[in-house]
């Protein structure tokens, strides 16, 4: 998926009482940062995923109540027919799936296979400036030639076809590949591949940043992406029902009581941008908030040192779900920066010079797991016994400063550490790095950005060094490794602008492989290359501690299932 831009997944409501909210059958979600876009071709962070996954649907979705993660059909009738050589996929779509009402669409416009073709075109179309092209770059027959020919010409967009993706009829989509692509089904479960009708592309002149035309369980009632978006129930929704199967956790927590029921359950959802943790916490305690994902501000207030919920919190009918995640973090370097890109010893000095254990203590209350690999736990091939070739050691860091040509920082110009938000915690995280590197004589300027501004800098490759992060789009090592390929240089997700021919060649082999011994060995070799070149200095893997009131039903936390809003409901209280 994308550079990770963390979602604080909090069900909140500000300015109204719990009683009225329950009566109105409304949830409200507080997001940590502004919503950057509503365009499924450009939504590349977990903030915009919340409204986009509620409004748009793709061919497949993750099973909500099963782990390990597996896919089930959503807009598709079933799993695709796949040729023996794994180069041709035939998808059959459900019939009578209706788009939300929109002035650019005829009444009761139904989803057609051509709408998915057009959305894949939008990913390749230069005028869209999509970060989702990496899903199909060099993988679908003719897509790169189409991209080079059509450029940003809307007339050619519709008149020129891509040989490898076409509608066989209104309900049959065919994708023909250049080479095997085992991750294709995961790609077809992302909003990047949600159907978008041609009438809307023409009507909005391909600008969906503030315009949403989907088939999902919710439609947009009102919007101000910097402050608030209100979703309302789609009365015509019939794509999916509440799941009837679940794993042991789901059965033990009685999450199958609504099996087979019509979705969604809530009439409205309010998405409110609330950046300060204390505001959320106070509303949660007063039951104006249904759920809160704890930040370091309140770990000590709510949790015991062992990570259990304190008695004074649990007695108020508050529940806890503690969950490992597929979210992980690192210090990222711009490898095309004149200073950092040409000086591996300077990068090593920083890797040795920042106390990650202290960072984890200060900003996660020791909840996070210190990284030992570029792969997070949960990815097949991750090894808990792996070790990074650097650790906190000021003496070694100072030696690398000498090797870099800047003993005690002499002769080193000021460097810029960009932070990914304007809230207090983000600023403090930047200041921690600043203080740590002061010990090496490095003068760090902490530059504060709004979240959309940070995203824009990353898309342009305009950052010097910063905290990088990622939440996996799907649980496959390929989704990690593609972040550092030459093909994914900005505006793609390779914001470090790293390029290594040997790494790229190994990636080309790995991306076609099913999980197994050979794939794991290539993963190890690629990790060794990354650790030697050091575009990333790893920090930690996130764990989430989510509190919620016991009147919230059907909740199961996941950092990879973003269309979960349709399953949630609040019983009267």
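The values are calculated or read from the model by the stated rules, or taken from the named source; none is laboratory data. Keep in mind it's a predicted model, so treat the numbers as computed, not measured. Positions of Cβ are generated from backbone atoms using ideal geometry, with glycine treated the same way; all protein chains shown enter the neighbour counts.
Quick check: is even one residue across segment 386-395 over 35 Å from the mean Cα position of the chain (by Cα) and either in the same structural domain as residue 537 (by TED's automatic domain parsing) or not in a loop (DSSP other than H, G, I, E, B) (or both)? Lay out the reasoning, then the answer.
Keep residues of segment 386-395 that are over 35 Å from the mean Cα position of the chain (by Cα), which gives 395.
Narrowing the set further to residues that are either in the same structural domain as residue 537 (by TED's automatic domain parsing) or not in a loop (DSSP other than H, G, I, E, B) (or both) leaves 395.
Within segment 386-395, one or more residues are over 35 Å from the mean Cα position of the chain (by Cα) and either in the same structural domain as residue 537 (by TED's automatic domain parsing) or not in a loop (DSSP other than H, G, I, E, B) (or both).
Can you give me the number of residues within segment 218-243 that are over 20 Å from residue 273 (Cα atoms) and in contact with a strand residue (DSSP E or B) (Cβ under 7 Å, 6 or more places away or on another chain)? Full working, then the answer.
We begin by selecting, within segment 218-243, every residue over 20 Å from residue 273 (Cα atoms); these are 233-243.
If we keep only those that are in contact with a strand residue (DSSP E or B) (Cβ under 7 Å, 6 or more places away or on another chain) too, we end up with 233-234, 236, 241.
Count: 4.
Given the structure, is residue 445 surrounded by fewer than 18 Cβ atoms within 10 Å (Cβ to Cβ) and assigned to a strand (DSSP E or B)? Working first, answer last.
Working: surrounded by fewer than 18 Cβ atoms within 10 Å (Cβ to Cβ): yes; assigned to a strand (DSSP E or B): yes.
In short, yes.
When you go through (1) in contact with a helix residue (DSSP H, G or I) (Cβ under 7 Å, 6 or more places away or on another chain); (2) crowded, with 21+ Cβ neighbours inside 10 Å; (3) free of Cβ contacts under 8 Å to residues at least 40 places away in the same chain one by one for residue 426, which number turns out not to apply?
Just one mismatch for residue 426, condition (1).
Across segment 39-74, what is the total count of residues that are part of a loop (DSSP other than H, G, I, E, B), more than 15 Å from residue 213 (Cα to Cα) and more than 14 Å from the chain's Cα centre (by Cα)?
Number of matching residues: 10.
Can you tell which of 216, 260 is in a loop (DSSP other than H, G, I, E, B), within 24 Å of the chain's Cα centre (by Cα) and at pLDDT 95 or above? Working first, answer last.
On the way: 260 fails: within 24 Å of the chain's Cα centre (by Cα).
The conditions single out 216.
Which of the residues that make up segment 544-555 are touching a helix residue (DSSP H, G or I) at 6+ places or on another chain (Cβ under 7 Å) and part of a loop (DSSP other than H, G, I, E, B)?
Applying the first criterion (touching a helix residue (DSSP H, G or I) at 6+ places or on another chain (Cβ under 7 Å)) to segment 544-555 yields 547, 554.
Once the filter is applied, which keeps residues that are touching a helix residue (DSSP H, G or I) at 6+ places or on another chain (Cβ under 7 Å) and part of a loop (DSSP other than H, G, I, E, B), segment 544-555 yields only 554.
Rundown of residues vs (1) farther than 30 Å from residue 397 by Cβ; (2) buried (at least 19 other Cβ atoms within 10 Å of the Cβ); (3) touching a helix residue (DSSP H, G or I) at 6+ places or on another chain (Cβ under 7 Å), yes/no style:
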site: 500; (1), (2), (3): no, yes, yes
site: 509; (1), (2), (3): yes, no, yes
site: 520; (1), (2), (3): yes, no, no
site: 527; (1), (2), (3): no, yes, no
site: 534; (1), (2), (3): no, yes, yes
site: 538; (1), (2), (3): no, yes, no
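Of all residues being crowded, with 19+ Cβ neighbours inside 10 Å and touching a strand residue (DSSP E or B) at 6+ places or on another chain (Cβ under 7 Å) in segment 561-573, which is modelled with the lowest pLDDT? Just the residue, please.
The residue in question is 570.
Which of the strands (runs of 3 or more DSSP E) contained wholly in segment 77-185 include at least 2 residues that are out of contact with any helix residue (DSSP H, G or I) (no Cβ under 8 Å at 6 or more places or on another chain) and either exposed (fewer than 14 other Cβ atoms within 10 Å of the Cβ) or outside the structural domain of residue 509 (by TED's automatic domain parsing) (or both)?
Working: elements: 88-92, 165-169, 172-176.
It comes to 88-92, 172-176.
So which residues in segment 227-244 are assigned to a loop (DSSP other than H, G, I, E, B) and surrounded by 13 or more Cβ atoms within 10 Å (Cβ to Cβ)? Steps first, answer last, please.
Just the residues of segment 227-244 that are assigned to a loop (DSSP other than H, G, I, E, B), to begin with: 227, 234-240, 242-244.
Matches in segment 227-244: 234, 236, 237, 238, 239, 240, 242, 243.
Among the residues of segment 429-442, which ones are more than 19 Å from residue 31 (Cβ to Cβ) and buried (at least 19 other Cβ atoms within 10 Å of the Cβ)?
Residues of segment 429-442 more than 19 Å from residue 31 (Cβ to Cβ): 430-442.
Within segment 429-442, 430, 433, 436, 437, 440, 442 meet the criteria.
Looking for whichever is under 23 Å from the mean Cα position of the chain (by Cα) and at positive phi here; the options are 461, 469, 492, 516. Which one fits? Full working, then the answer.
Working: 469 fails: at positive phi; 492 fails: at positive phi; 516 fails: under 23 Å from the mean Cα position of the chain (by Cα).
Just a single option satisfies the conditions, and that option is 461.
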